[in-house]
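Q: My questions will all concern the structure given below.
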Amino acid sequence: MSDPLLALDDVYKSYGEEQVLSGVSFEMDAGDVDVVIGPSGSGKSTMLRCVNRLTEIDSGDIYLDGDCVTDADTDVNELRKQVGMVFQDFNLFAHLTALGNVTLGLRKVRGMDKATAQEQGYEHLEQVGLSDQADSYPAELSGGQKQRVGIARALAMDPKLLLFDEPTSALDPELVGEVVDVMRDLAAEGITMLVVSHEMGFARSAASDIIFLDDGRIVEHGPPEQLFQNPQAARTGEFLSRLETAHEEE
Amino acid sequence: MGTQESTTAGRTLRARAAGLTDQPLTLLTVAGFWTWLVVRWTNDFLLDGALIDRNTSFFPTAPFEAAASTLGGLAASLGPVGFPVGWVAGFFEFLAASIPYLPQLATGVWATILLTVLGIALGFVIAVPLSVARVYGGTLTRSVALGYTELFRGTPLLAQLFVLYFATPLTTIIRELPAVGTGFIPAQAFWVAVIAFMLNSAAYQSEYIRSALNSVPEGQLTAARAIGLSKVDGIRHVVLPQGLRYAIPGWSNELVYLIKYSSLASFITVRELFERTDAIASETYRYTELFVLAGLLYLALVLSASLLMEYVEDRVAIPGLGTTSR
Ligand SMILES: Nc1ncnc2c1ncn2[C@@H]1O[C@H](COP(=O)(O)OP(=O)(O)OP(=O)(O)O)[C@@H](O)[C@H]1O
Ligand SMILES: [Mg+2]
């Protein structure tokens, strides 16, 4: 049996008095797409940020491809080369063009020369359908285009794992589709993704597993059919039906 | 891609052209001023007075004197209603009287520019790490940077000049250096003033840059770190390029201030514009003419600086990054 690509083992995290993650454990294999859902403040973002150590955990272990990445002597910059992240509010580098955003890591982290980096950068922009916007600055792009550049930027580092923190929730509804389409393509290509999102269409069609996080605990974890049709915990059903109503109101 | 590039370039060019044609008078003044300065310095410093004697102005005084006396006569003959003509006559008198001093003042302008440019440039080199320490440093580096800033912003620049010049061995050390005070290289007092302006200006510049860094959204550094850049590299490649652009307007203010504050160097005998003006005035007793003239020269320097900074701002402008929406 090969190691899981990502494993969280009894992870705890608190901010002062507030316990945000209380013993979170799960595993995902290479090629899996796990979608994390849960109410606001349940610790979804915190959990993602612990994986690439933008946030330090209090106790427990996180393993990436068999290596414990929460060891004190882990080089966080090395870890982050292997784990890409896509943000809710894009966080594109505002002073760089789309191509500049994608190539900064290649040049300054991977140490590539400019020409090679640009060549690869174009390929990644192509992958998200934006090679014609290579020279546009973030302010000149629509929200959907920004997020696709954000995805290309993360992809460019050739990560083992991609983290998405609500990638579509800052977008106008009509722009959600283009980003979800790109994510679906990535899933089909076998890229391992851990996605915090309430985009249920994506979850249903692309997720290997859905993880329901509530109050810092995993309440339910299973394939989409099971969660949607036959939730094991009462809270899961409640939350899903609330999501549904919220969606209909939109 | 080609078209994209050319629209970006086109926009910048247009913005630049608009900025300059907005104020043709300023542009003309500044161009004339610099033509005169460059020709004057070339003649005086490089050509050893080949074009014209070092102490002789390029501009003749006779026509202005003639105009002044003609208009003066006219004003007198007009009686009580002649006073506007009298003012014009006075203006020509001023020109005739001050033109002979222009060559000496041009030498002072050279020292003033050198002092300001060195002070602001060296100060900038200190200000950047200082402001980064203020925003991103630990408790210790942050308080050291804060202490530095408070010390140099909280005490008079003149006091700093005096302390450095009289109370430290700096003057003696610099005097002993080879070549100081020979040929083009100014004497020790000038270098002490450069150091004082560097230290003082670093404190002010770091305040402008600090608040500019604070206006760069936190997510920018987070994103930089998320692709594997170290904190220092993230600051260098992501935060600073944005923050320094935000800092340009405030930083331009500091440049304008320093041009005028450089006159304080006259108190430690630096032969810059103010010192030259004062020295000639006390020899000739033409205080009014000389200080009005010096004032006009400072004004021309300040206008040049504003124009230059406007150009720089347009040059480095990026769509959507603060300073473009002017
Ligand atoms: N840096 C921080 N300092 C203090 N408290 C924090 C910090 N980050 C998060 N928290 C707290 O931790 C809790 C979980 O936050 P988190 O952002 O992980 O939730 P979330 O599930 O992503 O919520 P949302 O759906 O609103 O994004 C919240 O109560 C939040 O206030
Ligand atoms: Mg969140």
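The values are calculated or read from the model by the stated rules, or taken from the named source; none is laboratory data. Being a predicted model, the structure only gives us computed values, none of them experimental. For neighbour counting, all protein chains shown are included, and Cβ atoms are generated from backbone atoms with ideal geometry for every residue, glycine included.
Q: How about the stretch B:190-267: which helices (runs of 4 or more DSSP H) wholly inside it have at least 2 residues that are hydrophobic (A, V, I, L, M, F, W, C) and within 13 Å of chain A (Cβ to nearest Cβ)? Spell out the reasoning first.
A: Details: elements: B:218-226, B:231-234, B:240-261.
By residue number, B:218-226, B:240-261.
Q: I've got another one for you. Do you know which of the residues in the stretch A:185-203 that are surrounded by 16 or more Cβ atoms within 10 Å (Cβ to Cβ) and more than 16 Å from ligand 1 (Cβ to nearest atom) is nearest to residue A:243 (Cα to Cα)? Spell out how you get there, then give the answer.
A: Going through the stretch A:185-203, the residues surrounded by 16 or more Cβ atoms within 10 Å (Cβ to Cβ) turn out to be A:186-187, A:191-200, A:202-203.
With more than 16 Å from ligand 1 (Cβ to nearest atom) added as a condition, the list becomes A:186-187, A:191-193, A:202.
Numbers: A:186: 25, A:187: 23, A:191: 27, A:192: 25, A:193: 22, A:202: 14 Å.
Per the criteria, the residue is A:202.
Q: Go through the stretch A:74-119 and count every residue that is within 16 Å of ligand 2 (Cβ to nearest atom) and closer than 16 Å to residue A:160 by Cα. Quick ask: steps written out before the conclusion?
A: First, the residues of the stretch A:74-119 that are within 16 Å of ligand 2 (Cβ to nearest atom): A:85-91.
From what is left, the residues that are closer than 16 Å to residue A:160 by Cα are A:85-86.
Number of matching residues: 2.
Q: Could I ask something else about it? Which residues, taken from the stretch A:61-106, are within 16 Å of ligand 1 (Cβ to nearest atom) and free of Cβ contacts under 8 Å to residues at least 60 places away in the same chain?
A: If we filter the stretch A:61-106 for residues that are within 16 Å of ligand 1 (Cβ to nearest atom), which is where we start, we get A:62, A:85-91.
Hits for the stretch A:61-106 are A:62, A:91.
Q: Output the residue which, of all residues in the stretch A:86-103 that are touching a Gly at 6+ places or on another chain (Cβ under 9 Å) and either among the acidic types (Asp, Glu) or at the interface with chain B (Cβ under 7 Å from one of its Cβ atoms) (or both), is surrounded by the fewest Cβ atoms within 10 Å (Cβ to Cβ). Walk me through it before giving the result.
A: Taking the stretch A:86-103 and keeping what is touching a Gly at 6+ places or on another chain (Cβ under 9 Å), we get A:86-87, A:89-94, A:98-103.
Then drop every residue that is not either among the acidic types (Asp, Glu) or at the interface with chain B (Cβ under 7 Å from one of its Cβ atoms) (or both), which leaves A:87, A:89, A:91, A:93-94.
Details: A:87: 22, A:89: 16, A:91: 24, A:93: 24, A:94: 23.
It comes out as A:89.
Q: Please name all residue pairs, on different chains or six or more residues apart, with Cβ atoms under 7 Å, provided the first residue is in the stretch A:22-49 and is of a type in the set (Ser, Thr, Tyr) and the second residue is in a loop (DSSP other than H, G, I, E, B) and more than 10 Å from ligand 2 (Cβ to nearest atom).
A: Qualifying pairs under 7 Å: A:22/A:216; A:42/A:215; A:42/A:216; A:46/A:55.
Q: Being of a type outside the set (Asp, Glu) and over 23 Å from residue B:290 (Cα atoms) narrows it down to one residue among B:81, B:30, B:88; which is it? Give the steps one after another, and end with the answer.
A: Working: B:30 fails: over 23 Å from residue B:290 (Cα atoms); B:88 fails: over 23 Å from residue B:290 (Cα atoms).
Exactly one of B:81, B:30, B:88 is of a type outside the set (Asp, Glu) and over 23 Å from residue B:290 (Cα atoms), namely B:81.
Q: Here is a further query. For the stretch A:3-67, which fully contained strands (runs of 3 or more DSSP E) count at least 3 residues that are farther than 20 Å from residue A:210 by Cα?
A: Numbers: elements: A:6-15, A:18-28, A:33-37, A:59-64.
Correct list: A:6-15, A:59-64.
Q: Any idea which of A:58, A:65, A:71 is under 24 Å from residue A:156 (Cβ atoms), more than 16 Å from ligand 2 (Cβ to nearest atom) and more than 13 Å from chain B (Cβ to nearest Cβ)?
A: Working: A:58 fails: under 24 Å from residue A:156 (Cβ atoms); A:71 fails: under 24 Å from residue A:156 (Cβ atoms).
Every option except A:65 fails the conditions.
Q: Does residue A:206 qualify as being surrounded by 15 or more Cβ atoms within 10 Å (Cβ to Cβ) and touching a Phe, Trp or Tyr at 6+ places or on another chain (Cβ under 9 Å)? Quick ask: steps written out before the conclusion?
A: Values: surrounded by 15 or more Cβ atoms within 10 Å (Cβ to Cβ): yes; touching a Phe, Trp or Tyr at 6+ places or on another chain (Cβ under 9 Å): no.
Here the answer is no, as residue A:206 does not meet what is asked.
Every residue, every condition in (1) part of a strand (DSSP E or B); (2) more than 24 Å from residue A:106 (Cβ to Cβ), yes or no:
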{"site": "A:145", "(1), (2)": "no, no"}
{"site": "A:154", "(1), (2)": "no, no"}
{"site": "A:162", "(1), (2)": "yes, no"}
{"site": "A:170", "(1), (2)": "no, yes"}
{"site": "A:183", "(1), (2)": "no, no"}
{"site": "A:201", "(1), (2)": "no, yes"}
{"site": "A:212", "(1), (2)": "yes, yes"}
{"site": "A:219", "(1), (2)": "yes, yes"}
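Q: Here is a further query. Looking at the stretch A:145-175 only, could you name the residues that are more than 25 Å from residue A:79 (Cα to Cα), away from ligand 1 (no atom under 16 Å from the Cβ) and modelled with pLDDT under 95?
A: A:172, A:173, A:174, A:175, listed by residue number.
Q: For residue B:100, indicate whether it is of a type outside the set (Gly, Ala, Ser), part of a helix (DSSP H, G or I) and within 21 Å of residue B:298 (Cα to Cα). Break it down stepwise before answering.
A: Numbers: of a type outside the set (Gly, Ala, Ser): yes; part of a helix (DSSP H, G or I): yes; within 21 Å of residue B:298 (Cα to Cα): yes.
It is true that residue B:100 is of a type outside the set (Gly, Ala, Ser), part of a helix (DSSP H, G or I) and within 21 Å of residue B:298 (Cα to Cα).
Q: If you don't mind, there's one more thing I want to ask. Exactly one condition in (1) touching a residue at least 40 places away in the same chain (Cβ under 8 Å); (2) over 30 Å from residue B:196 (Cα atoms); (3) touching a Lys or Arg at 6+ places or on another chain (Cβ under 9 Å) is false for residue B:289; which is it?
A: (3) is the only condition that residue B:289 fails.
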